[in-house]
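**Q** Please read through the structure below; I'll follow up with questions.
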Amino acid sequence: MKFPGQRKSKHYFPVMNRDPLLAQLTIQPAPVNTWICGIDQTLVDIEAQVDEQLLADYSLPKGNSTVIDDTTAQRLYQQLQQQQLITGEFAGGTIGNTVHNYSVLADDRSVLFGVMSKQIEVGSYAYRYLCHTSSKVDLDYLQPVNGPIGRCFTLISAEGERTFAISKGSMDKLTPDHISKPLVQGGAALVLTAYLMRARKEDGIADAAMQAIAYAKEADVPVVLTLGTRFLIEEDPKFWQNFIREHVTVLAMNEDEGEALTGFDDPLQASEKALEWCDMVLTTAGATGLYTAGYAEESEKRETAHLLLPGSIPEFNRYEFSRPKRKQDCDNPIKVFAHISPYMGGPEKIRNTNGAGDGALAALLHDLAANNYHKSRVPGSIKHKRGGLCYSSFSQICKYANRVAYEVLAQNSPRLSRGLPEREDSLEEAYWER
Ligand SMILES: Nc1ncnc2c1ncn2[C@@H]1O[C@H](COP(=O)(O)OP(=O)(O)OP(=O)(O)O)[C@@H](O)[C@H]1O
Ligand SMILES: Nc1nc2c(ncn2[C@@H]2O[C@H](CO)[C@@H](O)[C@H]2O)c(=O)[nH]1
């Protein structure tokens, strides 16, 4: 497990004493295995540059993720190929992206529950999915199915907005018996997406997700939900509010999904409202950057050294140096908020923002899992005296999530191809010598 904050080798843990003689004198702590679990619809993204007319021709609402039938998918694919509009094919799925990015950042294990074609031909979509997923993502628990995995036509408009058309194949066929209870209950977090709940009942994946949630809750494992698309939430915000209240510890959303869920278009107000139902919120807001919100214990709150920020909640970032805690673990919970503008103002050229939110969530999950890891390695640490959901402060998590989102934007694929650079070019030499 790599340390999630300053990425300098001496900040990685554990620091092992490698002297073979001295090692006999000290009791080496048993190695600690840390992982997170995710459930997803197995999807390959087929990215294409399209105009408004194509979206209209296929009745695809801009920005939405719409499930299309096989005939429409065939027609769309042929048109994209004939007009040579396809710009890339990547392993996708919002949770697949998130656990892959987590494994790349943490250099550690994640477990993905989903389906995989039983018969795989070289060059097929299933083959590509496997090839483009980090070897640290444990795919041994995927359920073998007879059909193909899903395809996600990722249609990028001129201004960079992405619209998804899903050809689902067998992606929803995951059944509850393929969720491993010990893996979910031993994990640092269980991460899911709202998309899973729109699958047909007879297809199984929604039930599989509910089974995993039940296992996680039984073992007090944090459940992390990412909302997917505002159109899905808009259909029934009350359902999602209740769902979050009943099952979710950490909520990730963008500002549009936040508005659909809470009625507030201001991301800060939407985050505050969502704290009525869960313990922590990550709200991404495109070119405005991102927010984290959550609870801290009044007696442990830490004041920021940064500028106090104006907003719908004046000076909302006052206690952003506090560490997130579950509300139930605080005697006197206070709400804490933090914000950060895009790293370096964002990359010079953004072809599309697909997956930037998944990258930000992966950073938060890394911080959360690192907290578990540290707690097992150094149980006596003052950090763990009174519990805590994450290793770092709200402010630090904002910075990290923002940095990772930038990396996804800069490289034009929803998944990180490598970890963050050891040294940031933007920082002066003196910083790394500290
Ligand atoms: N136009 C932009 N300029 C600078 N930074 C951006 C821009 N768009 C996104 N970002 C960065 O990426 C983060 C996540 O972006 P965004 O809010 O678009 O996520 P999202 O809508 O959840 O994306 P997706 O669902 O495709 O993963 C932002 O919080 C910000 O840090
Ligand atoms: N699991 C899942 N992911 C989706 C869906 N629609 C779009 N995505 C993914 O969302 C990612 C960006 O967050 C893309 O890489 C898409 O593959 C869907 O219906 N289900």
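Derivation of every value follows stated rules applied to the coordinates shown; laboratory data play no part. Since the model is a prediction, treat every value here as computed from it, not as a measurement. Don't worry about glycine lacking a Cβ; one is built from the backbone with ideal geometry, like all the others, and counts go over all protein chains shown.
**Q** List the aspartates and glutamates whose alpha-carbon lies under 13 Å from that of LYS375, not counting same-chain residues fewer than 8 positions away?
**A** ASP367
**Q** Starting from the amide H of VAL145, placed 1.01 Å from N in the peptide plane, find each other amide H under 5 Å away whose residue is 5 or more places distant or on another chain.
**A** Those lying under 5 Å, H to H, from VAL145 are MET116, SER117, LYS118.
**Q** Over the C-alpha atoms of the stretch 283-327, what are the Rg and the largest Cα-to-Cα span, Dmax, in Å?
**A** Just the Cα atoms of the stretch 283-327 yield Rg and Dmax of 11.4, 35 Å.
**Q** Provide the FRET efficiency to the nearest 0.05 for the GLN78-LYS118 pair, computing r from the beta carbons and using R0 = 22 Å. Each step should come with its number before you reach the end.
**A** Values: r = 27 Å, r/R0 = 1.21.
According to the calculation, E is roughly 0.25.
**Q** Is any residue of the stretch 139-156 close enough, with backbone N under 20 Å, to a label point placed 7 angstrom from the Cα of CYS131 along the Cα-Cβ axis, and if so, which?
**A** Correct set: 139-140, 148-154.
**Q** Something else about it: I need the phi-derived Karplus couplings for the stretch 320-336: 6.51 cos²θ - 1.76 cosθ + 1.60, θ = phi - 60°, integer Hz, Gly and Pro marked x.
**A** Couplings: 5, 7, 6, 9, x, 9, 5, 4, 5, 8, 9, 6, 10, x, 10, 7, 10 Hz.
**Q** Test of understanding: what is the full-extension gain from THR71 to SER341, defined as 0.36 nm times their sequence separation minus their Cα-Cα distance? Intermediate values should be presented prior to the final figure.
**A** Numbers: separation 270, 0.36 × 270 = 97.20 nm, distance 4.33 nm.
So the extension gain works out to 92.9 nm.
**Q** Helix check for the chain. Which DSSP H runs span at least 27 Å along their own axis by Cα, with a mean Kyte-Doolittle hydropathy no less than -1.0? Spell out each step's value before the answer.
**A** On the way: long enough: 356-377 (32 Å, -0.26).
Both cut-offs are met by 356-377.
**Q** Sorted from largest down, give the three principal axis spans of the alpha carbons of the stretch 241-286, whole angstrom values.
**A** Principal axes ranked by extent give 27, 16, 13 Å for the Cα atoms.
**Q** Related question: For the stretch 192-327, what D do you get in µm² per second when you plug the Kirkwood radius from alpha-carbon pairs into Stokes-Einstein at 25 °C and 0.890 mPa s?
**A** Value of D from the Cα-based Kirkwood radius: 155 µm²/s.
**Q** Filter the trypsin sites (Lys or Arg not before Pro) in the stretch 72-171 to those in DSSP coil with at most 13 other Cβ atoms within 10 Å of their Cβ, and list the result.
**A** Details: sites: ARG75, ARG109, LYS118, ARG128, LYS136, ARG151, ARG162, LYS168; in loops: LYS118, LYS136, LYS168.
Taking the stretch 72-171 and a limit of 13 other Cβ atoms within 10 Å, the loop trypsin sites (Lys or Arg not before Pro) found are LYS118.
**Q** Something else now. Could you work out [θ]222 nm for the chain from helices alone, using -39500 (n - 2.57) per DSSP H run of at least four and dividing by all its residues? Round to the nearest 500 deg cm²/dmol.
**A** Numbers: 14 runs with 141 residues, N = 434.
Calculated from helices alone, the mean residue ellipticity at 222 nm is -9500 deg cm²/dmol.
**Q** If amide hydrogens are placed 1.01 Å from N in the peptide plane, which non-local residues have theirs closer than 5 Å to the one on VAL191?
**A** Sorted by chain and number, the residues that satisfy this are CYS37, GLY38, ILE39, VAL224.
**Q** Right, here's the next one. Out of the stretch 180-289, which trypsin sites (Lys or Arg not before Pro) are coil in DSSP terms and have no more than 11 other C-beta atoms within 10 Å?
**A** Details: sites: ARG198, ARG200, LYS201, LYS217, ARG230, LYS238, ARG245, LYS273; in loops: ARG200.
Counting only loop positions with at most 11 other Cβ atoms within 10 Å, the trypsin sites (Lys or Arg not before Pro) in the stretch 180-289 are ARG200.
**Q** Mind checking the stretch 266-332 for GluC sites (Glu not before Pro) that DSSP puts in a loop (not H, G, I, E or B) and that have at most 14 other Cβ atoms within 10 Å?
**A** Values: sites: GLU272, GLU276, GLU297, GLU298, GLU300, GLU303, GLU315, GLU320; in loops: GLU276, GLU303, GLU315, GLU320.
The qualifying sites are GLU276, GLU303, GLU315.
**Q** Something else now. Suppose the Debye formula is applied to equal point scatterers at every Cα of the stretch 61-126; what is log10 I(q)/I(0) at q = 0.14 Å⁻¹?
**A** Those come out to -0.68, one per q.
**Q** Shifting gears a bit: Using a 10 Å cut-off around each Cβ, can you sort SER117, SER180 from fewest to most neighbouring Cβ atoms?
**A** Values: SER117 22, SER180 17.
Taking fewest neighbouring Cβ atoms as first place, the list is SER180, SER117.
**Q** I'd like to know how the stretch 252-364 sits against the 2.2 N^0.38 Å rule of thumb: what's its Cα Rg over that expected value?
**A** Values: Rg = 14.2 Å, N = 113, 2.2 N^0.38 = 13.3 Å.
Taking N as the residue count of the stretch 252-364, the ratio is 1.07.
**Q** Something else now. Taking just the C-alpha trace of the chain, give me its Rg and Dmax in Å.
**A** Rg, Dmax (Cα atoms, Å): 21.4, 73.
**Q** Could I ask something else about it? Specify the residue with the greatest mean-square fluctuation among LEU196, LEU54, LEU409, computed from a Gaussian network of the chain linking alpha-carbon atoms under 10 Å apart.
**A** In this elastic network of the chain, the residue with the biggest mean-square fluctuation among LEU196, LEU54, LEU409 is LEU54.
**Q** Can you tell me the convex hull volume per residue for the stretch 308-404, based on C-alpha atoms, in Å³ to the nearest whole number? Could you put the intermediate results ahead of the total?
**A** Values: hull volume 12.4 nm³, N = 97.
Cα convex hull per residue, to the nearest whole number: 128 Å³.
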